[in-house]
Amino acid sequence: MAIGIFGLIPSSSPDELRKVLQALSTKWGDVVEDLESLEVKPMKGAMTNEVFMVSWPRKETNLRCRKLLVRIYGEGVELFFNRDDEIRTFEYVARHGHGPTLLGRFAGGRVEEFIHARTLSAPDLRDPNISALVASKLRKFHSINIPGDRTVLIWDRMRTWVGQAKNLCSTEHSKEFGLDNIEDEINLLEQEVNQQEIGFCHNDLQYGNIMIDEDTNAIAIIDYEYASCNPIAYDIANHFCEMMANYHSETPHILSYTLYPGEEERRRFICNYLTSSGEEAREQDISQLLEDTEKYTLASHLFWGLWGIISGYVNKIEFNYIEYSRQRFKQYWLRKPQLLSFYSSPE
């Protein structure tokens, strides 16, 4: 006996999901009404949610199936962000042509438009042509005039996560990760780094959140759960850190620090980023953003290190979050003396 869509998608509210799909069936009109005829394919690589691609046969069998995405929210993710805020961001960004359309919501998840494009792979981020397209798209994304104030959120968000991590984790892990001292590190970083330009940042620009239409070379940036106003240098730094990850490998939690982009590759990305508006970038601006970005990698390590500790206690997705955190904190302590000015200043 075949397992139907509601057996393949582990929704906490299958009846509500059914209502969303039935509403779409009525709206579209050209798809078959039998919901059990839909084909479901799990999408790998997500670490916060479970994502499924759904192929919906049309009544005219010679036409291609309609496709959509069903996203099931991971357990405990409400600790990281406000879901209603994320949905408002999702809809606003979609209206401005930067991502998929929201098709429906249900308790525990949502249904999104399927973008007919290819999700990038880890090696794609190192392709100079694709990297240039990503840099240009990221510049446009940063210029989205999202409603509300433009307060930088990264520092207070991490301070909140420190408290949550302390409440959740064992005494052993709290001691191992030095959680009693991490807030001092956050305060130190906030004072040391140069915030400069503030933009609407994605804050999680890993390869799985970037898609490319290979017919038009159009780039789409998706998934805005962590999006907020932040220094653009932080967003770029986080993207560089993500070049060390391959979430589709046999050890997706392991980061290869030898893959961190060298200065020439970082400079090329930043140059493409700054010139994407058509203006020539001054060497001074390139060098300054290059320097600021390197410092913000420290904030990225703390951010995702704290995220990993919390996720290890609340998220059931198969991923070694605690070991991932160990790597991020190890890299923070390794790079801190090299990147913060007062460490390298002569006595």
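The values are calculated or read from the model by the stated rules, or taken from the named source; none is laboratory data. Not measured: the values here are computed from a predicted model. So basically every Cβ, Gly included, is an ideal-geometry build from the backbone, and we count neighbours across all protein chains shown.
Side notes on the structure shown:
- Pairs with Cβ under 7 Å, 6+ apart, first in the range 187-198 and in contact (Cβ under 8 Å) with a residue 24 or more places away in the chain, second of a type in the set (Val, Ile, Thr) and in a helix (DSSP H, G or I): Glu197/Ile232
- Out of Leu125, Leu153, sole residue that is in contact (Cβ under 8 Å) with a residue 40 or more places away in the chain, hydrophobic (A, V, I, L, M, F, W, C) and within 23 Å of Gln195 (Cβ to Cβ): Leu153
- Considering residues of the range 308-334 that are in contact with a helix residue (DSSP H, G or I) (Cβ under 7 Å, 6 or more places away or on another chain) and more than 21 Å from Glu50 (Cβ to Cβ) only, the residue surrounded by the most Cβ atoms within 10 Å (Cβ to Cβ): Ile309
- Looking only at the range 87-107, and only at residues there that are hydrophobic (A, V, I, L, M, F, W, C) and under 19 Å from the mean Cα position of the chain (by Cα), the one that is modelled with the lowest pLDDT: Ile87
- Filtering the range 16-68 to residues that are of a type in the set (Val, Ile, Thr), under 25 Å from Phe80 (Cα atoms) and in a strand (DSSP E or B) leaves only Val51.
- Some residue of the range 115-134 being surrounded by 14 or more Cβ atoms within 10 Å (Cβ to Cβ), small (Gly, Ala, Ser) and outside any loop (DSSP other than H, G, I, E, B): yes
- For the range 243-267, a tally of residues being assigned to a helix (DSSP H, G or I), touching a residue at least 24 places away in the same chain (Cβ under 8 Å) and in contact with a helix residue (DSSP H, G or I) (Cβ under 7 Å, 6 or more places away or on another chain) returns 2.
- When every residue of the range 229-238 is checked against the conditions, at least one turns out to be surrounded by fewer than 22 Cβ atoms within 10 Å (Cβ to Cβ) and assigned by TED's automatic domain parsing to the domain that holds Phe200.
- Inter-residue pairs, beta-carbon under 6 Å, first farther than 12 Å from Tyr73 by Cα and in the range 8-19, second aromatic (Phe, Trp, Tyr), 6+ apart: Pro14/Phe6; Glu16/Phe106; Leu17/Phe106
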